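Peer 1: Before anything else, here's the structure in question.
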Amino acid sequence: MASSSSFQELLEDLRRFFPSERLINDPLRLLAYGTDASFYRLIPKLVVKLETESEVIHLLQTLAPYGIPVTFRAAGTSLSGQSVTDSVLGLLAWGWKDCRIEDEGRTIVLQPGVIGGQANRMLAAYGRKIGPDPASIHSAMIGGIAANNASGMCCGTDQNSYRTLKSMRVVLADGSLLDTGSTESRDAFAESRPDLLEGLKRLSEQVRGNPELSELIHRKYKIKNTTGYSLNALLDFEDPIEILEHLMIGSEGTLGFIAEITYHTVPEPAFKSTAFLLFLNLVEACTTVAALRGKGVQAVELIDRTGLRSVENQPGTPESIRNLGDDACALLVECAAESKKERSLKQTEVEKVLVDCNLLEPADFRTDPKESDALWKLRKGLFPSVGSVRETGSTVVIEDVAVQIESLAELAGSLQQLFRKHGYEKAVIFGHALEGNLHFVFTPDFNLPEEVKRYESFMDEVCELVAGKLAGSLKAEHGTGRNMAPFVEKEWGREAYALMKKIKQLFDPEELLNPGVILNDNPRVHLENLKPLPEADPIIDKCIECGFCEVHCPSRDLSLSPRQRITAWRELKQLERNGNDDERAKKMALAYQYSGIETCATDGLCATSCPVGIDTGKLIKKLRMEGQSPWSRRQANWIADHLGGASKIARTGLAVAQLSRNILGIRTTTHLAKAAHGLSGGRIPRWSTDLPGAAPDLPPLQELPHPNSELLEVVYFPSCINRTFGPSPNPHDRPVPDVVLSVLRKSGCSISYPPKLNHLCCGMAFDSKGFKETGKRKLKELEEALEKATRSGEVPVLCDTSPCTHRMISELPAHLHVYDPVGFIYHFLLERLELQPLEETVLLHPVCSVKKLGLETQLLEIGRRCANKAVIPDDSGCCGFAGDRGITFPELNASALKGLREKVPEDCRKGYSSSRMCEVGLNRHSGITYQSIFSLLDAASR
Ligand SMILES: Cc1cc2nc3c(=O)[nH]c(=O)nc-3n(C[C@H](O)[C@H](O)[C@H](O)COP(=O)(O)OP(=O)(O)OC[C@H]3O[C@@H](n4cnc5c(N)ncnc54)[C@H](O)[C@@H]3O)c2cc1C
Ligand code: SF4
Ligand code: SF4
């Protein structure tokens, strides 16, 4: 390992090329960015955020003279320890997201930072998808999917990255570049790297000339196998360039960097039917799996008794599983086809096979996608559900083995025996039975040395069983990583292992690329650097650090992602418990204030993709609350008690700024505001030219008509944001309440405000800053006012700001029918209005609360009824403005919306949303003007 002074010199060198914010060496982010989903912990010495191919080349060429290795990282969802390092971590940061569909969807060109699910969303219009289908597809990136040769429930051995690869752009250890899809590049590479190509040719000839080795390779790839390098490349191809690109698949970043990949896509069958079959024991189930192979099934997933128990109380679980015997298990079977007729034929074929199998209940195939999805959700949630019910402090280990289908029953039975023998009674077995691929999950406590010992002897026996007795693969799809590196030779034998070493030597003689992964001479590497998951806070203790939450987080590119917030908080709590007060601990705690606490938008979007439902924003709100001084608590209470007055003061401030802008000009006002912000120590928020002016007084309303009137009665609650902030500086903008009232009147509504409106707010602004009690108090006051105004729920309530509505819907009694702007428009107004779609393209922004309330489709429908073309950009996440946080930390908003401008269609000038402050943030970074969705409705209605 290079000395710390070498790392320092390297850093200086890299500073000449990379912007300093993309070179990370502070202890907090080294730890946080270094974490992946595996149970290994290595802390990098330096993290480099890479944005372009030329940066990768530069990095590799700079590292070489120092002899310092690099590990590349895509989404960090790997489970075998292949994306952690104690050297340099090269992070696929911003960028790498280009995606091009060709040949009517039959091929797709992808940069390595594209998330698998995103590629599939783009291909859906062509009825196609990428072949590899790991369960992590909505988080994992193409670089990691290809470099791990990841696969899942349907792809088998025919549709993985290896089989569906068309061409690849790759950067090798010396910085040389090869685009295997370009003749010029291939020719140039043949000139510049004859050593590598000739070396590969020689290896291929060596294998071809060795029938025993050839036979072994053929046999091993009949089943799923990601142990070691893809040796089949040496047999399947003669052209050394094709050998090279196929060796890259499954090479886990140890042979080169995948800068682009072109896949042949596969059809996505539109018609599916799913059945949940129950069996007395594993032998019966595995016999059925063998009988089903080749008989019209697309996927067959096995779940053992312990697995069934872990999901039996979840919605969608068939009732009958609660009363099963101790040895029972289930198969989830799916038939898929491109037409209903074909599906029905396939299903009949499967049903015929099942007649002769010992099912506990007759097969009941479901064709309703909702029912099928519910069953698949149970299966996909197994790993996290087991992880979430583990003892706090213990680790969740998942293994991934495969055997010939004929040996499946023996594998399952023997694994159960091993669990009993080694005391892992709660271990769960599940997996892609059709492929002979089983996963097993258990939760040892690696804090105890005897637990490490137990794991060691258990794994030794598993390897003996799978690689020895059953001649299977020790890693079917998760990659070798560090976890199986000591057993590669055991599985493959001496000769094949020597071949793998030669491959590594040819590609990376200086061992600069992810050393220690796949091949490792240390027989105990799988037992070293085990990751602690110490107790930290009940809100996050169930976190398994899978990383599924990162994709939606607005602060992930600026400071920390939810997983990284959790990892860092765990470490800080552990340091605190140990009484550790050294320089590192102090630096980390200080850095957490900004990276962890201040720059979290507390929007809770992380919970929407977390398999165990963790809302990291809740932890951050709690920490904000604990960090509040008595003085700021008093201030918050004063504001809450005098909300009308406080709003008036704010409006006066905004009006003064507006006046100042008109009289003194934008520059002077900006300077004055900056000075005021500085002098007040940040207590006066930063003003900027695009902030809305002061809101005018609310328009008065007429008397409520008699309840029998045909008008739709509605209680309109304008949020305190819309009562304080007026229109944006855009001359066509109007105050939100004016527009809402205009639309409500056009729709034939009779409108009332809640009593003492000026004093009311939902309390979210207090809650998100950590004044939980004050927030609760304001919510209670609002509840009382709405009780009166709605005659205890007789009249629906409309609030004009989605984040406030989300809080009200979640926290207020259900009999107060509170509606979000999108929900209210969709349910009540669309049918009451005469709409004439505008001749324009409009962009819609579903704010986080709209997403959490599941109203995105309704928003799109409203847009389509009001304009010729309405678009929600793919991947539209949180805008990061987060109430007023975008004023204090504008960089959060800027980072969250980086790239939005490019997603705006050329003919689009206007965007619409349902939160005033989000609109301010969106205006800043889109190049178009955002307004309330009510403005769109008002413009399109008579
Ligand atoms: C809950 C859960 C379920 C999972 N289910 C499955 C499953 O069903 N099937 C499955 O196969 N896996 C599964 N995985 C494992 C993992 O998600 C996949 O292997 C995934 O493809 C990894 O992608 P990633 O973007 O996270 O890659 P990373 O973890 O970031 O990296 C993976 C490897 O690729 C290397 N790498 C990354 N980018 C590049 C690049 N551009 N060039 C060269 N090397 C690169 C890294 O160094 C590393 O060795 C699961 C993981 C979790 C947490
Ligand atoms: S918070 Fe949830 S999604 Fe995020 S890493 Fe933890 S378990 Fe995974
Ligand atoms: S609440 Fe939002 S900003 Fe905070 S961690 Fe979760 S997704 Fe990220």
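Peer 1: In degrees between 0 and 90, to the nearest 10, how far off the longest principal axis of the chain does helix 211-220 point, with axes built from Cα atoms?
Peer 2: 30 degrees
Peer 1: A further question follows. Between Ser185 and Lys756, 0.36 nm times their residue separation minus their Cα-Cα distance comes to what?
Peer 2: So the extension gain works out to 198.3 nm.
Peer 1: Angle, helix 4-15 long axis vs. longest principal axis of the chain, Cα atoms, 0 to 90°, nearest 10?
Peer 2: Approximately 60 degrees, to the nearest 10.
Peer 1: Shifting gears a bit: Between Ala290 and Ser192, what is the FRET efficiency for a Förster distance of 60 Å, r being their Cβ-Cβ separation, to the nearest 0.05?
Peer 2: Efficiency at R0 = 60 Å is approximately 0.75.
Peer 1: Provide the gained length on full extension for the span Glu510 to Trp631, in nm with one decimal, where the gain is 0.36 nm per separating residue minus the Cα-Cα distance.
Peer 2: Values: separation 121, 0.36 × 121 = 43.56 nm, distance 5.95 nm.
Length gained, Glu510 through Trp631: 37.6 nm.
Peer 1: Where in the range 609-646 does the amide nitrogen come within less than 18 Å of the point 7 Å from the Cα of Gln593, taken along Cα to Cβ?
Peer 2: From the range 609-646, the list is 620-633.
Peer 1: What percent does the relative contact order of the range 458-547 come to when contacts are Cα pairs within less than 8 Å and at least six residues apart?
Peer 2: 29 percent
Peer 1: What does the extension gain come out to for Asp460 and Lys746, with contour length at 0.36 nm per residue minus their alpha carbon separation?
Peer 2: Stretched out fully, the Asp460 to Lys746 stretch lengthens by 95.5 nm.
Peer 1: Let me ask something else. Can you compute 3J(HN,Hα) from phi for each residue in the range 482-499, using the Karplus curve 6.51 cos²θ - 1.76 cosθ + 1.60 with θ = phi - 60°, rounded to whole Hz and x for Gly and Pro?
Peer 2: 8, 5, 10, 3, x, 10, 4, 5, 4, 6, 9, x, 4, 5, 5, 5, 4, 4
Peer 1: Using DSSP to call loops (not H, G, I, E or B), can you name the chymotrypsin sites (Phe, Trp or Tyr not before Pro) in the range 351-435 whose Cβ has at most 11 other Cβ atoms within 10 angstrom?
Peer 2: Counting only loop positions with at most 11 other Cβ atoms within 10 Å, none of the chymotrypsin sites (Phe, Trp or Tyr not before Pro) in the range 351-435 qualifies.
Peer 1: Please tell me which of these pairs span more than 24 angstrom C-alpha to C-alpha: Lys97/Lys166; Lys295/Lys469; Lys573/Lys622; Lys622/Lys903?
Peer 2: As for pairs spanning more than 24 Å Cα to Cα, those are Lys295/Lys469; Lys622/Lys903.
Peer 1: When N is the residue count of the chain, what does its C-alpha Rg come to as a fraction of 2.2 N^0.38 Å?
Peer 2: Working it through for the chain, the quotient is 1.00.
Peer 1: Taking one equal scatterer on every alpha-carbon of the range 313-466, how large is log10 of I(q)/I(0) by Debye at q = 0.12, 0.15, 0.18 1/Å?
Peer 2: Treating every Cα as an identical point scatterer, log10 I(q)/I(0) equals -0.65, -0.96, -1.26.
Peer 1: List the GluC sites (Glu not before Pro) in the range 187-287 that DSSP assigns to loop (not H, G, I, E or B) and whose Cβ has at most 15 other Cβ atoms within 10 Å. Which are they?
Peer 2: On the way: sites: Glu191, Glu198, Glu205, Glu212, Glu215, Glu238, Glu242, Glu245, Glu252, Glu260, Glu284; in loops: Glu238, Glu252.
Here the sparse-neighbourhood loop sites are Glu238.
Peer 1: Before rounding to the nearest 500, sum -39500 (n - 2.57) across all DSSP H runs of length at least 4 in the chain and divide by the residue total; then give [θ] at 222 nm in deg cm²/dmol.
Peer 2: Value at 222 nm, helices only: -12500 deg cm²/dmol.
Peer 1: Looking only at Cα atoms, what is the convex hull volume of the range 462-582 per residue, in Å³?
Peer 2: On the way: hull volume 22.7 nm³, N = 121.
With only Cα atoms used, the range 462-582 gives 187 Å³ per residue.
Peer 1: Follow-up. Just grab the label-to-label distance for Lys341 and Val355, each label 7 Å out from Cα along the Cβ direction, in nm (one decimal).
Peer 2: My value for the distance between the label points is 2.4 nm.
Peer 1: Expressed as a rounded percentage, what relative contact order does the chain have, with Cα pairs under 8 Å and six or more residues apart? Let's see the in-between values first.
Peer 2: Values: 1843 pairs, mean separation 92.3, N = 942.
The value is 10 percent.
Peer 1: Consider a paramagnetic label point 7 Å from the Cα of Glu856 along Cα→Cβ; state which residues of the range 126-154 have an amide N under 16 Å from it.
Peer 2: Answer for this model: 137-140.
Peer 1: Apply 1/(1 + (r/R0)^6) to the Cβ-Cβ distance of Asn730 and Glu576, taking R0 = 60 Å, and write down the FRET efficiency to the nearest 0.05.
Peer 2: E(calc), rounded to 0.05, equals 0.75.
Peer 1: Another question, then. Considering only DSSP beta bridges whose two residues both sit in the chain, what percent are antiparallel, to the nearest 5?
Peer 2: Details: 58 of 90 bridges.
The antiparallel fraction comes to roughly 65 percent.
Peer 1: Related question: What FRET efficiency do you get for Glu839 and Ala894 if R0 is 25 Å and r is their Cβ-Cβ distance, rounded to the nearest 0.05?
Peer 2: 0.15
Peer 1: Rolling a 1.4 angstrom probe over the protein heavy atoms, how many square angstrom per residue are accessible across the chain? Before the final figure, lay out the partial values.
Peer 2: Numbers: 37850 Å² over 942 residues.
Dividing the accessible area of the chain by its residue count gives 40 Å².
Peer 1: What nm distance separates the two modelled labels at Leu448 and Glu102, each placed 7 Å from Cα along Cα→Cβ?
Peer 2: 5.7 nm
Peer 1: Quick one: with all protein chains in place, what share of the accessible area of the chain is carbon or sulfur, to the nearest percent (1.4 Å probe)?
Peer 2: Summing carbon and sulfur atoms, their accessible area is 51 percent of the total for the chain.
Peer 1: Going by a ≥ b ≥ c, the root eigenvalues of the Cα gyration tensor, does the range 744-859 fall in the rounded group (a/c under 1.5), the prolate group (a/b larger than b/c) or the oblate group? Walk me through the intermediate numbers first.
Peer 2: Values: a/c = 2.32, a/b = 1.41, b/c = 1.64.
Note, shape of the range 744-859 comes out oblate.
The values are calculated or read from the model by the stated rules, or taken from the named source; none is laboratory data. Quick caveat: nothing in here was measured; it's all calculated off a predicted structure. Positions of Cβ are backbone-derived with ideal geometry, glycine not excepted, and every protein chain shown enters the neighbour counts. Just the protein is used for accessible areas: all its heavy atoms, side chains included, with ligands, DNA and RNA removed. Shrake-Rupley method; radii C 1.70, N 1.55, O 1.52, S 1.80 Å.
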